[in-house]
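Working notes for the structure below.
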Amino acid sequence: MKPSSDGVAPERALRIVVVVVALATGVGLVLLWPRWEAPELGATAADFDYVDATVTEVETIDGLDPLEQLDVRCQRVSIEVTSGVTVGESGTFLKSLIDRRTQEFEPGDRVVSAPP
């Protein structure tokens with residue numbers, strides 16, 4: 001009787017694929033591993049203490065979208081801080097109306113902001 005070779009070829013092919021993938025992963029790790037110090041990225045979101053605030057006034061104005069460099073309608077949003085060490089302080093920010101994915105603000109809206 002001849003010995004059965006069922007499953008030997010697929011098993012060998014699978015082993016070859018696993019070895020090739022493992023070698024490619026090792027080579028990729030060696031080639032792509034950082035060899036220098038990471039650059040300083042400046043202020044990050046973790047550097048800010050966020051506060052709760054309430055929108056006190058909203059004015060629609062003409063402005064320049066800083067990302068798109070287009071003249072667009074903007075909202076000038078005034079807020080009053082309602083939590084943290086800066087309670088009672090006021091601040092203002094601009095919100096471009098070019099991005100329809102974000103909401104438009106109305107007086108009385110509650111927001112989270114970096115302190116003014």
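Highest GNM mean-square fluctuation among GLU59, GLU11, GLU40, for the chain modelled with Cα contacts below 10 Å: GLU11. Relative contact order of region 49-113, taken over Cα pairs closer than 8 Å and 6 or more residues apart, is 42 percent. Comparing mean-square fluctuations of ALA38, ALA53, ALA13 from a GNM of the chain with C-alpha springs under 10 Å, the top value falls on ALA13. Taking a ≥ b ≥ c as the square roots of the eigenvalues of the alpha carbon gyration tensor, region 49-113 is prolate, as a/c is not under 1.5 and a/b beats b/c. What number comes out for the charge environment of ARG110, summing +1 per Lys or Arg and -1 per Asp or Glu over other residues with Cβ under 14 Å away? That works out to -4. Ranked by how many other Cβ atoms sit within 10 Å of their own Cβ, fewest first, the residues VAL27, VAL55 fall in the order VAL27, VAL55. Largest GNM mean-square fluctuation across GLY84, GLY26, GLY63, computed for the chain with C-alpha springs under 10 Å, falls on GLY26. Taking the square roots of five times each eigenvalue of the Cα gyration tensor of the chain, the equivalent ellipsoid has semi-axes of 58, 20, 17 Å, listed largest first. Normalising the average separation of contacting C-alpha pairs (under 8 angstrom, six or more residues apart) by the number of residues puts the relative contact order of the chain at 25 percent. Placing unit charges on the Cβ atoms of the charged side chains and taking the dipole of region 16-116 about its Cα centre, the candidate lying farthest along the positive direction among GLY84, VAL19, VAL111 is VAL19.
Taken together, the values in this text are just the output of simple stated rules run on the coordinates, not laboratory data. Remember, predicted model here, so these are calculated numbers, not experimental data. Cβ: placed from backbone, ideal geometry, glycine included. Neighbour counts: every protein chain shown.
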